[in-house]
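Have a look at the structure below before the remarks.
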Amino acid sequence: MIEIKNLHANIEGKEILKGLTLTVNAGEVHAIMGPNGAGKSTLASILAGREEYEITKGEVTFEGADLLELSTEERAHLGLFLAFQYPVEIPGVSNVNFLRTAINETRDAKGEDPISAKEFMAMVREKSKIVELDSKLASRSVNEGFSGGEKKRNEIFQMAMLNPKLAVLDETDSGLDIDALRIVAKGVNTLKSADNASIVITHYQRLLDYIVPDFVHVLHDGKIVKTGNKDLALELEEKGYDWIKEETQVG
Amino acid sequence: MEEVLTQTKFDILRTELRPTALKISDALRAKASEIVNSSDFPTRKNEAWKYTNVNGLNKLVFDGKNAPISEPLIISNRSRKLFVKNGQVSEGQSMLSGIKTSWDVLPEFYTDDAFDALNVLYCTAAIQLNFDNAENETIELVFENTTNSAIFPRLFIQCNKGAKGTVILNFQGAEKNASFINVSTYVNVGENANLSIHKIQKNGTETFDLQREYVDQAANSTFTMNTFPLSGKLTRNDLKINVNGNNCETFMNGAYTLKGKSHCDNHTTVDHKVAHCYSKELYKGVIDDRATNVFNGKVFVRKDAQKINAFQSNANILLSDTGTVNSKPELEIYADDVKCSHGSTTGQLDDEAIFYLRSRGLSEKAAKELLVKAFLGEVLEEVQNEEVRSYLEAQIEKHFSA
Ligand SMILES: Nc1ncnc2c1ncn2[C@@H]1O[C@H](COP(=O)(O)OP(=O)(O)O)[C@@H](O)[C@H]1O
Ligand SMILES: [Mg+2]
């Protein structure tokens, strides 16, 4: 699905990613954990095509395409989705209206016909249920006046509407109470299939009680320094990140 | 002694204009002539014209070259209509009730503004609209400009006591039309009356459009002026509202979409002369390419005009690095028990929002269009007339597809 090879990236002349390698196959859930400032959001932003970053080395192949050559919207059309750590509030732009435009532009890129109003509304009803998002919220201005939890649920709602091949969830759990966390996890699990995959970025182990990962990676100082199964997350929870830092320095 | 006669820019302009065929009283003619004869085009030194240069008027050639308008002309299907083609009232239309187009003599309204005086001397059409009942009738004046001409309408809009009315002033020019549109509009809103005017200025890209509205509001009346400069080389609107009676409501809204090298200047004045009134002004626009926008909004609250609530806001979004905005809100308050606010902002579209929308699959263009629509949507929400509102929505869309 996606193959990231030896990725190096700078922002404002400072090197953030220092040779990151990661392969994700269809049907898999990968968790990326790591201390604050490790470069987790940087990775997510680069995958989504944020232009501030300078890629100095490495390559990314997504669904057979050279991802780094594609515009942000072309990546979305190919099935990449980023759930933002900080979803943006957009006053005056209706959530469902923009999603409809998004779906139709994606369909157009694939040479498909636009979605009918009826089909679209049925989909809104069905998908907003998955994340228990009030249908009134679904049609309000994008994230405007939403609580932290509502914003994150809205991200998963959008993900459900767009049905991506690869979802990158950037700290979707941060700032959520246990109920919201459960709802978000339920959303992600419901959408899981053999054809899609997700990269779950998180700072804490607790989300992984609900979204069980196939692999857990530790990102530290711009590189993946350790990979294991879900037990690695528990170990990190117990011991913190310091032992990883020490291990890396010794290694 | 030999007197040195210097030719003013008005003198040069006047050689291109045809004196009005309408009958004017000697007194009005003398007054108007005196004003124009003693004036010249405004310069930077004239505070009210600091950012707007009209010298290009003298480069216009009224050659009558014709080009059709390719887009739909009419905004409202539900209204009565009067057509004014290239400045002239279309034939056979003078019989509409409540609409007066033929005159024994032109009404005596005038101001000391030189372009208003010029409008008197070279008037191409004088039109009076009368609203007498509470049915909220809509009248659309369609100004269809297909030849390069001097278009000098003089409009009188009377909304009588207790009456309700809606006027659509619809200026439509052929794409590259190079006309001089010079309009004076006198508005009288009677006691307990409610009048709305929607002005759409969709002029040809070489057209100069100078318009003035002089509005008087009597007690307990509501007046709304919505102004939409959509295209043209230079558009200048001077809106002056005297609120003469208590318990009035006054709404001024504007939305503009500027591109190319177009220049747009909205000057508004609301003069609260008496107590217990409310006024609200919202002008918003997007400026692309090398376009320039000027906004000047004055709010006066006179000495005994207590309990006035006056709000004013102007917001601009620059879509290019080469657009320019000069925005100046001015409050002059001489009463002490008033609530007034004003604000002016000029910024860019939110990059974070654009990225967010693109990450969901919207093209950059579609993302920007959505954000602009949302930005201008706040003004469009104020437009009560559905036909006008949907026309404007379509125009904003078109602005981006061009
Ligand atoms: N726009 C930026 N300008 C400068 N430095 C940045 C910018 N964004 C992130 N960084 C830096 O990059 C590093 C990694 O940040 P980030 O990817 O957000 O980490 P994480 O998500 O793992 O907490 C941090 O040191 C941060 O300060
Ligand atoms: Mg982060």
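Please note which helices (runs of 4 or more DSSP H) are completely contained in region A:1-112 and include at least 3 residues that are charged (D, E, K, R) and in contact with a Leu (Cβ under 8 Å, 6 or more places away or on another chain). Step through it out loud before you land on a result.
Details: elements: A:40-48, A:72-78, A:95-109.
Filter on region A:1-112 gives an empty set.
Just give me the residues in region B:284-304 being without any contact (Cβ under 8 Å) to a residue 40 or more places away in the chain and in contact with a strand residue (DSSP E or B) (Cβ under 7 Å, 6 or more places away or on another chain), in sequence order.
So the first thing to find is which residues in region B:284-304 are without any contact (Cβ under 8 Å) to a residue 40 or more places away in the chain, and the list is B:287-291, B:293, B:298, B:300-304.
B:Ile287, B:Asp288, B:Ala291, B:Asn293, B:Lys298, B:Phe300, B:Val301, B:Arg302 - these are the residues of region B:284-304 that are without any contact (Cβ under 8 Å) to a residue 40 or more places away in the chain and in contact with a strand residue (DSSP E or B) (Cβ under 7 Å, 6 or more places away or on another chain).
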Open item on the list: I need the strands (runs of 3 or more DSSP E) fully contained in region A:152-233, keeping only those with at least 2 residues that are within 14 Å of chain B (Cβ to nearest Cβ) and within 16 Å of ligand 1 (Cβ to nearest atom).
Closed with: A:166-170
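Among the residues of region B:307-366, what is the count of those that are within 14 Å of chain A (Cβ to nearest Cβ) and assigned to a loop (DSSP other than H, G, I, E, B)? I'd like the intermediate steps shown before the answer.
Residues of region B:307-366 that are within 14 Å of chain A (Cβ to nearest Cβ), as a first pass: B:315, B:317, B:345, B:347, B:349-366.
Still in the list and also assigned to a loop (DSSP other than H, G, I, E, B): B:349-350, B:360-363.
So the answer is 6.
Please find, among A:Pro91, A:Pro35, the residue that is within 12 Å of ligand 1 (Cβ to nearest atom) and modelled with pLDDT under 95. Before the answer, list the steps.
Working: A:Pro91 fails: within 12 Å of ligand 1 (Cβ to nearest atom).
The conditions single out A:Pro35.
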Open item on the list: I'm checking my understanding of the structure. Among residues of region A:10-60 that are within 14 Å of chain B (Cβ to nearest Cβ) and open to solvent by 30 Å² or more (accessible area, probe 1.4 Å), which one is farthest from ligand 2 (Cβ to nearest atom)?
Closed with: A:Glu51
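Taking the conditions exactly as written (open to solvent by less than 80 Å² (accessible area, probe 1.4 Å) and away from chain B (no Cβ under 11 Å)), does A:Lys136 satisfy them or not?
On the way: open to solvent by less than 80 Å² (accessible area, probe 1.4 Å): no; away from chain B (no Cβ under 11 Å): yes.
Taking the combined requirement at face value, the residue does not satisfy it.
Can you go through B:Leu73, B:Leu106 and tell me which one is surrounded by 12 or more Cβ atoms within 10 Å (Cβ to Cβ), hydrophobic (A, V, I, L, M, F, W, C) and over 20 Å from B:Phe180 (Cα atoms)?
Values: B:Leu73 fails: over 20 Å from B:Phe180 (Cα atoms).
Just a single option satisfies the conditions, and that option is B:Leu106.
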- [ ] Answer yes or no as to whether B:Asn119 is among the polar types (S, T, N, Q), buried (at least 21 other Cβ atoms within 10 Å of the Cβ) and within 18 Å of the chain's Cα centre (by Cα).
- [x] yes
Open item on the list: Report every pair of residues separated by at least 6 positions or lying on different chains whose Cβ atoms are under 9 Å apart, first residue within region A:42-56 and within 15 Å of A:Leu20 (Cβ to Cβ) and touching a residue at least 40 places away in the same chain (Cβ under 8 Å), second within 12 Å of ligand 1 (Cβ to nearest atom) and in a helix (DSSP H, G or I).
Closed with: A:Tyr53/A:Thr42; A:Tyr53/A:Ser45; A:Tyr53/A:Ile46; A:Ile55/A:Ile46
Task: Unmet requirement for A:Leu43, which otherwise passes all of (1) modelled with pLDDT of 95 or more; (2) within 29 Å of A:Val124 (Cα to Cα); (3) within 16 Å of ligand 1 (Cβ to nearest atom) - done: (2)
- [ ] Take the residues in region B:71-92 that are part of a loop (DSSP other than H, G, I, E, B), more than 12 Å from B:Gln172 (Cα to Cα) and charged (D, E, K, R), then tell me which one is modelled with the lowest pLDDT.
- [x] B:Glu91
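Would you tally the residues in region A:100-116 being more than 7 Å from every other protein chain (Cβ to nearest Cβ) and crowded, with 21+ Cβ neighbours inside 10 Å? Spell out how you get there, then give the answer.
As a first pass, look at region A:100-116 and keep what is more than 7 Å from every other protein chain (Cβ to nearest Cβ): A:100, A:103-104, A:107-116.
Filter again for crowded, with 21+ Cβ neighbours inside 10 Å, leaving A:103.
Result for region A:100-116: 1.
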Open item on the list: If B:Glu378 meets every condition in (1) closer than 15 Å to B:Tyr283 by Cα; (2) open to solvent by 20 Å² or more (accessible area, probe 1.4 Å); (3) not in a helix (DSSP H, G or I) apart from one, which number is that one?
Closed with: (3)
Task: Breaking point among (1) more than 9 Å from ligand 1 (Cβ to nearest atom); (2) under 18 Å from the mean Cα position of the chain (by Cα); (3) among the small types (Gly, Ala, Ser); (4) more than 25 Å from B:Glu364 (Cα to Cα), for A:Gly58 - done: (2)
Open item on the list: Restricting to region B:5-64, name every residue that is assigned to a helix (DSSP H, G or I), closer than 14 Å to B:Asp116 by Cα and either modelled with pLDDT under 95 or open to solvent by less than 40 Å² (accessible area, probe 1.4 Å) (or both).
Closed with: B:Phe10, B:Leu28, B:Ala32, B:Ser33, B:Ile35, B:Val36
TODO: May I ask you to list the residues in region A:171-204 that are open to solvent by less than 20 Å² (accessible area, probe 1.4 Å) and within 16 Å of ligand 2 (Cβ to nearest atom)?
DONE: A:Glu171, A:Thr172, A:Asp173, A:Leu176, A:Ile199, A:Val200, A:Ile201, A:Thr202
Open item on the list: Against the conditions (1) of a type in the set (Val, Ile, Thr); (2) out of contact with any helix residue (DSSP H, G or I) (no Cβ under 9 Å at 6 or more places or on another chain); (3) open to solvent by less than 10 Å² (accessible area, probe 1.4 Å), where does A:Val168 fall short? Just the number, please.
Closed with: (2)
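The values are calculated or read from the model by the stated rules, or taken from the named source; none is laboratory data. Computed from a predicted structure; not experimentally measured. Heads up, the Cβs are rebuilt from the backbone with ideal geometry, glycines too, and the neighbour counts pull from every protein chain shown. The accessibility values were calculated without ligands, DNA or RNA, using every heavy atom of the protein model including side chains. Shrake-Rupley method; radii C 1.70, N 1.55, O 1.52, S 1.80 Å.
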